[in-house]
Amino acid sequence: MNKQTQIKPRLLKGFRDYMPPELLARRSVIERAARVFESFGFQPIDTPALEYSDVLTGKYGEEGDKLLYRFRDNGDRDVSLRYDLTVPLARVVAMHRPVMPFKRYQVAPVWRAEKPAKGRFREFLQFDIDVVGAAPPVADAEVVIAGISALRAIGIEDFKVRLNHRGLLNAVLRSFGVSDTLQEDVIRSLDKLEKAGVDAVTEMIAKTTGSVTQAGELTRMVAGMPGTAELSQLVKLDADGQDSLDELQGVMGLCRAAGMGDYIRFDLSIARGLDYYTGVVFETQLLSMPRFGSVMSGGRYDGLIGMFMGEMVPAVGISIGIDRLVNALEEAGLLKSHDIPVEVEVLAMGKDMLEPAFAVATIVRDAGYSCEIYTGFHRKLKAQLSFSAKKGVKFCVILGPDEVSQGNVVLRDMINGSQQVVRLDMLGRVLGGGNG
RNA sequence: GUGAGUAUAGCUCAAUUGGUCAGAGCACCGGGUUGUGGUCCCGGGGGUUGAGGGUUCAAGUCCCUCUACUCACCCCA
């Protein structure tokens, strides 16, 4: 090929190829999670990658809108790649009006034009479950419990789901005299507590509110990680705040009743950036690998679906970051070998043995084994066997001139190195016996 | 988006103060064994040293730009 016309192979930043080991690992993670969710009564759906832009914009906050992959299609329509699976679900509910409560799961790629970093990609797989049309605390508890169960089924135990409540957080800030316009800034600062520490966060909040003493009290209170009961003694909540607290306590109580108490924790510093959350919110960190960020998070969004239809439809959901989990499992050495080796390799020792090889392959597959014909029939038997061994096949069926002329094949056990000459018409029976 | 660092064969890494420095191991291919693997021995292919400029008699080695990756901030799945 001409060097000038050769195209440099390259990949967009934040996008990845998935080679067999990784893809198989990912698939196994997905299957385990799906099985768990189905056991909770969730049903699968799928939606298009591309949506009209106005379906997506205005749901994620100012920053979120900027991260949309947005463009004009060939028909000059303003379209965007989906940013998450929750907003498309809201659209689906408004268009299809499923029987409520509607419990669905969806595993699909989403796209965000963020700067890639560790565990952060521009195209990544989310696994979402949501309950639409159900009030707290039952549905909230159910998605959290299902999420925890899924993580455990995947082989992850070392995590904590931190829960909070948007309404509660707002009420707490009100009681500290933080005006509505400043709340967002303050929340953002509180979110940094774990990394930045009390002093730094106090300073940040003082800068936005102007009151050092208030900032200090608030920060120390949040940093003290009070329990929900403790909180109501520390802070004078208004009616809204008390309702929110009751709701959160209800959800956490149900989680404990389900035996998930060890995996959850109330954390007033959890805020979540997405605009559409209205109630309980949660975020999950791997305790030994916090660098991966949140691996499972979500919350209640009672207003979102109403944006697509005349009535309010309450909903709550959770997103699992499949890619992060696969990466974390790999880093922790918890990924088992996910090769799916072919069980039987048919080796033809020359072009003349090719037709018999195809006949043999059919017999082997009919006997219940996965089987392929080695394509390098021109290569020496040594190379063919070497290749087969590397692939980890259990048996090789060898076809040479002698065997073919006599109606035989050589069946070689690649594990122990023994082999026998088998009559072609007996091969199916010999294999069938061996494979149960 | 901001700051710092890294960038040599498919992979992991070498190459004194800029001067045979373009290498090793693994992987791959071939031979030793004219029809038999996972060991061993021998040999081979493969890199315009991320890209593009510049300094110099001479640059992988110094300078600039770009790109990619890593880490922190930010944000989150």
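The values are calculated or read from the model by the stated rules, or taken from the named source; none is laboratory data. Keep in mind it's a predicted model, so treat the numbers as computed, not measured. Virtual Cβ from ideal backbone geometry, glycine too; neighbours counted across all protein chains shown. Side chains included, ligands, DNA and RNA excluded: accessible areas come from the protein's heavy atoms. Shrake-Rupley method; radii C 1.70, N 1.55, O 1.52, S 1.80 Å.
Summary of computed values
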item: Selected from A:Thr362, A:Met349, A:Gln406, residue furthest toward positive end of dipole (the range A:344-434; charges at beta carbon); result: A:Met349
item: Among beta bridges that DSSP assigns inside the range A:344-434, antiparallel share in %, nearest 5; result: 55 percent
item: Gap separating the Cα centres of the range A:368-436 and the range A:1-60, nearest whole Å; result: 38 Å
item: Counting all C-alpha pairs of the range A:31-156, share separated by more than 25 Å (%); result: 32 percent
item: Residue among A:Val29, A:Val99, A:Val198 with the largest mean-square fluctuation in a Gaussian network model of chain A, springs linking Cα atoms under 10 Å; result: A:Val99
item: Listed residues A:Leu347, A:Leu193, A:Leu231, most fluctuating in chain A (Gaussian network, C-alpha, under 10 Å); result: A:Leu347
item: The range A:220-265: Cα Rg divided by the 2.2 N^0.38 Å rule of thumb; result: 1.23
item: Residue with peak Gaussian network fluctuation, chain A [Cα springs, cutoff 10 Å], from A:Gly227, A:Gly303, A:Gly147; result: A:Gly227
item: The range A:270-318: proportion of alpha-carbon pairs further apart than 17 angstrom, %; result: 43 percent
item: Histogram of C-alpha separations across the range A:344-434, 10 Å bin width, %; result: 19, 58, 23, 0
item: Charge dipole of chain A about the Cα centre (unit charges at C-beta), most positive-ward option of A:Phe266, A:Phe159, A:Ile340; result: A:Ile340
item: Tail weight of P(r) past 13 Å, computed on alpha-carbon pairs of the range A:29-82, percent; result: 67 percent
item: Accessible carbon and sulfur surface of chain A relative to its total accessible area, %, 1.4 Å; result: 52 percent
item: P(r) histogram, all alpha-carbon pairs of chain A included - 20 Å bins from 0, percent; result: 21, 41, 24, 12, 1
item: Point-charge dipole on Cβ atoms (K/R +1, D/E -1) for chain A, about Cα centre, debye to 20; result: 1560 debye
item: Cα-centre dipole for the range A:130-172 with unit charges at Cβ (Lys and Arg positive, Asp and Glu negative), debye to 20; result: 160 debye
item: Per residue solvent-accessible surface (Å²) - chain A, probe of 1.4 Å; result: 50 Å²
item: Over 26 Å between alpha carbons, listed pairs A:Lys351/A:Lys394; A:Lys13/A:Lys390; A:Lys207/A:Lys236; A:Lys8/A:Lys390; result: A:Lys13/A:Lys390; A:Lys8/A:Lys390
item: Per-residue [θ]222 nm for chain A (sum of -39500 (n - 2.57) over DSSP H runs n ≥ 4, rounded to 500); result: -12500 deg cm²/dmol
